[in-house]
Amino acid sequence: MYTSALLALATLASPSFAAYKKVWDYNSSNFWDNFNFVDLDDSHFTGGFAQYVGIDEALSSGLARINNGKVRLGVDSTNTYSTSSTGRKSLRLQSYGYFDNGLLVGDFAHVPVAGCGQWPAFWVYQGEQHVGSYAEIDILENVNVHTANTHSLYTSDQCTINIQKGNLVPEKSTNCHWKKDGPPSQGCSFNAEAGTFNQPFNNDYKVVALQVESERIRIWHFKKTEVPADLNSASPNPDAWTKAPTVHITPKSCDFHKAFNLFHIVINTSFCGSWAGDDFNNTNYAGQCAQQTGVNDCKTWVAQHPSDFVNTFWEINSIKLFQRA
């Protein structure tokens, strides 16, 4: 009786989660059908030096194409540009579909090799159509010559969190609240381990997974030798994975379901702008890009050196979404 009572208490104390089932599988067979190619320049978003092109130009120019069964999303690495232009041609894709919760898994054969001036990102956000609210989670993102991934979470709700796992960027808080025209230190931002971005990712890593549920948000990086076998099934179980997540947060004073929802998937590559910087002497790795390139101005470097961006491309095996049955 004593053992039975303990088991009953343990059952009550541990949450019971329904199994995940695959609902989206975006790959080389259907990618163009499920993503909108945003035909705007990046001044509409992060003040970057990138001219995003529509699907017709993307496909005809080869910036978007299927390469050996993989989805390849690149940038123009042939032409030079005026610094007074809207910027180097690039791509910003946004999924037509959106989700509120689930397990989103990006399987990559190649991520952009981010040198000076470059700002690639794989992320989810509500989109401009949701007036009066905002939510964003950056899954794979950084700038310039960084080789460690950074995760940021933003919501227009007041949202304090408990950190179960993860290294919070010093200038960020444990309140993920964001408002337009607020200070740069808004939101919650976490540093991933070294080697999870840039060429080191391509050398060793393959999969990034984001779990968004009302009781927790978690992010994992998996090396090529670490990918859970059940991710090849229709019903993975993250609670059985042996690798610890890079980030694991739970709500403190926050309704995760309300604060983080209506997520579209976004994949884009920008240049310069509000994070990669317009002045190489006053940005992340201050002075390193000025020394490496021999110029101070980011736009000058990006505009005049197309060959530096030959490896600035995404190559995607698949993007899958699993949700509770």
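Structural remarks
- Matching the structure-derived Rg and Dmax of the Cα atoms in Å against the labelled list [x] 24.9, 79; [y] 20.2, 79; [z] 19.7, 64 gives the label [y].
- Applying both filters, DSSP loop and at most 16 other Cβ atoms within 10 Å, to the trypsin sites (Lys or Arg not before Pro) of segment 228-325 gives LYS243.
- Point-to-point label distance, VAL131-ALA148, nm (Cα→Cβ direction, 7 Å offset): 4.2
- Listed by chain and number, the aspartates and glutamates whose C-alpha is less than 20 Å from the C-alpha of LYS70, apart from same-chain residues fewer than 8 away, are ASP25, ASP33, ASP56, GLU57, ASP107, ASP204, GLU315.
- Each other residue within a Cβ distance under 13 Å of GLY62 adds +1 if Lys or Arg and -1 if Asp or Glu, for a net charge of 0.
- Within the listed set LEU59, LEU153, LEU73, the residue fluctuating most in the Gaussian network model of the chain (springs between alpha-carbon atoms under 10 angstrom) is LEU59.
- Gain in span if fully extended, ASN281 to GLU226, counting 0.36 nm per residue against the direct Cα distance: 16.0 nm
- Local charge for ALA303 was computed over the other residues whose Cβ lies under 13 Å away, with Lys and Arg +1 and Asp and Glu -1, and equals -1.
- With an a/c value of 1.5 or above and a/b larger than b/c for the gyration tensor axes a ≥ b ≥ c computed over the alpha-carbon atoms, segment 198-325 is described as prolate.
- Under 18 Å of direct C-alpha separation, and excluding same-chain neighbours fewer than eight residues apart, LYS180 reaches these lysines: LYS172.
- Positive-end residue, the chain charge dipole about Cα centroid, Cβ charges, pick of ILE267, ILE316, ASN296: ILE316
- Theoretical ellipticity at 222 nm over the chain - DSSP helices of four or more residues, -39500 (n - 2.57) apiece, nearest 500: -3500 deg cm²/dmol
- Estimated dipole of the chain in Debye, rounded to 20 [Cβ of Lys and Arg +1, of Asp and Glu -1, Cα centre]: 700
None of the figures in this text is laboratory data; all of them are computed from the coordinates on show. On a predicted model such as this, the values are computed, not experimentally measured, just so you know. Here Cβ is always computed from backbone atoms with ideal geometry, including for glycine, and neighbour counts include all displayed protein chains.
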